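Scroll down for the structure; my scribbles are underneath it.
Each value in this text was obtained by applying a stated rule to the coordinates, not by laboratory testing. Because the structure is a prediction, the values reported are computed rather than measured. With ideal geometry, Cβ positions are generated from the backbone for all residues, glycine too; neighbour counts draw on all protein chains shown.
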Amino acid sequence: MGEKGSQAAGDRRRDSSSAAVGFVVLYALIIMLPLIVSALTVERIADSFIKELSLSFALVGFAILAMQPVMAARLKAITHHYGFDMVMRFHKAMAVVAVMLVVAHPILLAIDAGSPRLLISLEVSGIVWFGRIGLLLLLIMGVMGIWQRRLIDFQRWRLGHNSAPIILVLVFVHSWILGYYVQDTPMQTLWVVLLGAAVVAYVMHKVVWPLRRKANLWNVRSVKQETHNAWTLEIEPPEGTEPLEYEPGQFQFLTLYRGDDRYDGEEHHFTISSSPTSGPTHTSTIKVAGDFTSTIGETKDGDKAMVQAPFGRFSYTLNEPGDRFLMIAGGIGITPLMSNLRHMRDVGLDVDVTLLYANDTEADIVFREELDEIAAGEKPRFRVVHVLSEEDWDGRTGRVDRDLIADAVGDDLSRHMVYLCGPEDMMNELMPVLEDMGVTPDRLYNERFWL
Ligand SMILES: Cc1cc2nc3c(=O)[nH]c(=O)nc-3n(C[C@H](O)[C@H](O)[C@H](O)COP(=O)(O)OP(=O)(O)OC[C@H]3O[C@@H](n4cnc5c(N)ncnc54)[C@H](O)[C@@H]3O)c2cc1C
């Protein structure tokens, strides 16, 4: 990368980390606003500490719930600084916090009253039922969210999750009518603003922006079979639309419209496997993993695609700079690393890169020829070590482990920037190994292909 390029990348990194801190402070302030506004504007206080605690939990719980659609709306202003997966993990973690606060609210009230009536009696007012039903739905959604992968197929979970705003409305009505601190104008104004922010974020994310994207579908320009179970789709913008602007290693939400009813409109994450240097089209390389991806080879030139991108920060241009890279890929986890490598090659980056690339069999290796071509080039100084599970192979076999990494690049990784993308087990196994070999968290980047 030239001097200007690396300075621009450095500026991007600095801007991003200060904005990231700013967002955390802003978020903390927003969820604490109900406590601040009620402390400043409401003169009465609850008649016991337990009741006060219960009401405070409910106020903060509502503010967190109202922020959930905003966090989930894929706002570039937020995802750009943290990475999409981090924002989603935060969204999940805050859902758990909200569940705990909202569950604690009636329990503390019952303790304060010295009777379980509020929790178990059927003879309570309709508006208490609003709160109860909201709480029950929240609990169901929380459990499904935490154990989604064990309990329910991802696309069904996503559909069910679309009903989350009902919870917010129930909790809003409950607190508007019963809320001890929500009876005066400043707090009521805050309540309407919080609900309004949630509704706007939800409607934009789920209705307005998708409709806009649907009115401007991209074209599948070519489909190339890479291996027995992986295909590369090349996608071009519709006439009059600028090519996608992205950094290497980022991903897109892709929805194909191929004229079959079953998967039309089903949105999936896929890494952009091309490099931003490659021209007006971009590609994703997709391996069969389940229902939808098993039909990917049926995609035809001229099919339509809805594209929402770019997301993610698994990009050497967005992260700390370095001159030695260790990349570790498992299976289709090669795609974001390939995008980074292609970019490094196209800009002639003067760095050393070693790729450890694990697959089950030789037939599973995607991009094999192109990797060899990059290795034959001058910059980056690049080497690929293929590792296969099958025994019948001249090269390395078995798993990527500490010995293999040490053989490839040495036992001390304290100067390497490490990029890791592969199956969940492999990543869970390797993260502590890499840390043990001297890779500090600011030099260890991973991309997860599951949510
Ligand atoms: C950031 C990111 C980048 C990705 N990049 C690529 C890529 O470049 N190439 C590639 O082949 N695959 C990639 N994936 C994985 C890809 O999204 C899933 O394999 C695909 O969505 C599975 O859909 P399916 O209907 O065929 O499988 P399903 O039958 O639905 O499920 C198969 C497996 O994939 C998981 N899954 C299903 N839908 C999703 C989803 N939308 N997001 C995450 N996991 C899901 C399921 O939990 C299950 O473990 C990426 C995933 C993420 C999160």
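Calculate the translational D of the stretch 218-311 in whole µm² s⁻¹ from Stokes-Einstein, where the hydrodynamic radius comes from the Kirkwood formula applied to all Cα pairs, the temperature is 37 °C and the viscosity 0.692 mPa s.
Once the numbers are plugged in, D ends up at 249 µm²/s.
Return the ratio Rg/(2.2 N^0.38 Å) for the stretch 324-446, where Rg is computed over Cα atoms only.
Relative to the rule-of-thumb radius for its length, the stretch 324-446 sits at 0.99.
In whole percent, what relative contact order does the stretch 202-277 give with Cα contacts below 8 Å and a gap of six or more residues?
Relative contact order, the stretch 202-277: 20 percent.
Projected area of the chain, taken from the Cα convex hull and averaged over every viewing direction, in nm²?
That works out to 25.4 nm².
Name the long-range amide H neighbours of residue 226: under 5 Å, sequence gap of 5 or more, or other chain; modelled H, no Pro or chain starts.
For residue 226, the qualifying residues are 231, 232.
Angle between the Cα long axis of helix 84-113 and the longest principal axis of the chain, 0 to 90 degrees, nearest 10?
20 degrees
The stretch 24-125: which GluC sites (Glu not before Pro) are DSSP loop and have at most 13 other beta-carbon atoms within 10 angstrom?
43, 123
What is the distance in Å between the Cα centroid of the stretch 109-164 and that of the stretch 205-223?
So the two Cα centres are separated by 35 Å.
Positive end of the dipole of the stretch 324-446, charges at C-beta (+1 Lys, Arg; -1 Asp, Glu), about the Cα centre: which of 433, 420, 347 has its Cα farthest in that direction?
Farthest towards the positive end: 347.
Which of the trypsin sites (Lys or Arg not before Pro) found in the stretch 12-73 are loop residues per DSSP with 11 or fewer other Cβ atoms within 10 Å of their Cβ?
44
Computed from the mean reciprocal separation of all distinct C-alpha pairs, what Kirkwood hydrodynamic radius does the stretch 3-212 have, in Å?
That comes to 18.7 Å for the stretch 3-212.
Taking the beta-carbon count within 10 Å as an exposure proxy, list 31, 152 from fewest neighbours to most.
Ranked by crowding around the Cβ, least crowded first: 152, 31.
With a cut-off of 8 Å between alpha carbons and a minimum separation of six or more residues, what is the relative contact order of the stretch 324-446 in percent?
For the stretch 324-446, the relative contact order is 30 percent.
In which sequence would 311, 251 go, from the one with the fewest C-beta neighbours within 10 Å to the one with the most?
Fewest-to-most Cβ neighbours within 10 Å comes out as 311, 251.
On a 0 to 90° scale, report how tilted helix 3-41 is relative to the longest principal axis of the chain, with both axes built from alpha carbons and the result rounded to the nearest 10.
10 degrees
List 146, 365, 36 from most exposed to least, where exposure is judged by having the fewest other Cβ atoms within 10 Å.
Listed from fewest to most nearby Cβ atoms, that is 36, 146, 365.
Per-residue HN-Hα couplings for the stretch 287-294, Karplus 6.51 cos²θ - 1.76 cosθ + 1.60 at θ = phi - 60°, whole Hz, x for Gly and Pro?
So the J values, rounded to whole Hz, are 10, 5, 10, x, 3, 5, 5, 6.
Students often get this wrong, so check it: of 214/300; 224/304; 92/287; 76/206; 92/206; 224/287, which have C-alpha atoms separated by over 23 Å?
As for pairs spanning more than 23 Å Cα to Cα, those are 92/287.
Can you give the angle from 0 to 90° between the axis of helix 126-146 and the longest principal axis of the chain, with both taken from C-alpha atoms, to the nearest 10?
20 degrees
Would you list which lysines come within 21 Å of residue 379, measuring only between C-alpha atoms, while excluding same-chain residues fewer than 8 positions from it?
Leaving aside lysines fewer than 8 places away in the same chain, those within reach of residue 379 are 4.
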